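Everything below concerns the one structure shown next.
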Amino acid sequence: MKSFFFILSILLFNFSCGASNLGAKATKAPSHKEFDALLKKHVSSSGVVDYKGFIEDKAKLHIYCDLLSNNAPDRKTWTKEEQLAYWINAYNAFTIKLIADNYPVESIQDLHPKIKIPLVNTVWHIKFFKIGGQDASLDEIEHKILRKEFDEPRIHFAINCASYSCPPLLNEAFVAEKVDAQLDKVAKSFINDHKRNKISADKIEVSKIFSWFKGDFTKNGSLIDYLNKYSKVKINPKAKVSHLDYDWSLNE
């Protein structure tokens, strides 16, 4: 009888281990090729988004979003570059999906909850997608992951909130192999964009992004020090700083 229970315990142990392995999540970062193709097809070089085109390709967009949902980053096995590219693409892809699923809208702000509470209950707090089986929101990606875990101010030029005054959506997916170069590209492009930042040597009128997230840009110097890393016009350290109005109209 003892031998019977011993054999039974071994069989149960092996079965449980097998079941555990079957349920283990993949640790390999997903490909962003599908999203890259969609961005190249439906976003202009200047960042103008063809939401009607995304709606026509909604099945492909949903497949990519499902890919993201089912392949949450593994912080132990993924590189920082893989994680960063994933989260930037996730923010942008789910934002596009949000607009496409509710189109037509004049502004992403039209999708605020009926009871809007600034910084607490807005469109960015709506948990309309899942990551690794957990309900998630755009606010969580931006503030609890990208800003908190990566200490990378350039993410503000990479994620797009579907609005005209946002940094233009890059018409290619972010990928681990060149994410640093891509972040440099969007930083230079946005800061030197005369429609969104007006820069001269002694006076600058810049996006409210530089006010809302000033702390992110001034950890190692002043705001002007940060801008001068990318600005084609070198700004006087004592230049007058003001901020432009933010246009929330849809970036289409």
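Descriptive notes on the structure:
- Taking only alpha carbon atoms, the range 90-216 gives an Rg to Rh ratio of 0.97, where Rh is the Kirkwood radius.
- Overall shape: oblate for the range 113-159, with the ratio a/c of the largest to smallest alpha carbon gyration tensor axis at 1.5 or above and b/c at least equal to a/b.
- Surface share of carbon and sulfur [accessible, 1.4 angstrom probe, percent] for the chain: 55 percent
- Among the listed values [x] 54, 18, 11; [y] 41, 22, 17; [z] 31, 22, 17, the one computed from these coordinates for semi-axes √(5λ) of the Cα gyration tensor in Å is [y].
- With a Förster radius of 45 Å applied to the C-beta separation of T77 and S242, the computed FRET efficiency comes to 0.45.
- For I117 and W212, a Förster radius of 22 Å and the Cβ-Cβ distance give a FRET efficiency of 0.80, rounded to the nearest 0.05.
- Heavy atoms of K52 accessible to a 1.4 Å probe, total area in Å² rounded to 10: 120 Å²
- Chain lengthening between D151 and A59 when straightened (0.36 nm per residue, less Cα-Cα): 29.7 nm
- Electrostatic dipole magnitude of the chain [Cβ: Lys, Arg +1; Asp, Glu -1; Cα centre; debye, to 20]: 520 debye
- For K203, residues with placed amide H under 5 Å, excluding near neighbours: K240
- In Hz, Karplus ³J(HN,Hα) per residue of the range 150-158 (6.51, -1.76, 1.60; θ = phi - 60°; x = Gly, Pro): 10, 6, 10, x, 5, 4, 5, 9, 9
- Heavy-atom accessible area per residue - the chain, 1.4 Å, Å²: 55 Å²
- Ordering of 86-93, 34-41, 133-140, 112-119 by packing [mean C-beta count within 10 Å, highest first]: 86-93, 34-41, 133-140, 112-119
- Close amide H partners of I131, meaning residues 5 or more places away or on another chain with modelled amide H under 5 Å apart, are A136.
- Around the amide H of S163, modelled in the peptide plane, lie the amide H atoms of N251, all under 5 Å away and 5 or more residues distant in sequence or on another chain.
- Signed unit charges on C-beta, dipole axis of the range 107-178, positive-most listed residue F174, I145, G133: G133
- Listed peptides 55-63, 97-105 by packing density, highest first (mean Cβ within 10 Å): 97-105, 55-63
The values are calculated or read from the model by the stated rules, or taken from the named source; none is laboratory data. Owing to the predicted nature of the structure, the values given are computational and were not obtained by experimental measurement. Methodologically, a virtual Cβ is constructed for each residue, glycine included, from the backbone with ideal geometry; neighbour enumeration extends over all protein chains shown. For accessibility, only protein heavy atoms count, side chains too; no ligands or nucleic acids. Shrake-Rupley method; radii C 1.70, N 1.55, O 1.52, S 1.80 Å.
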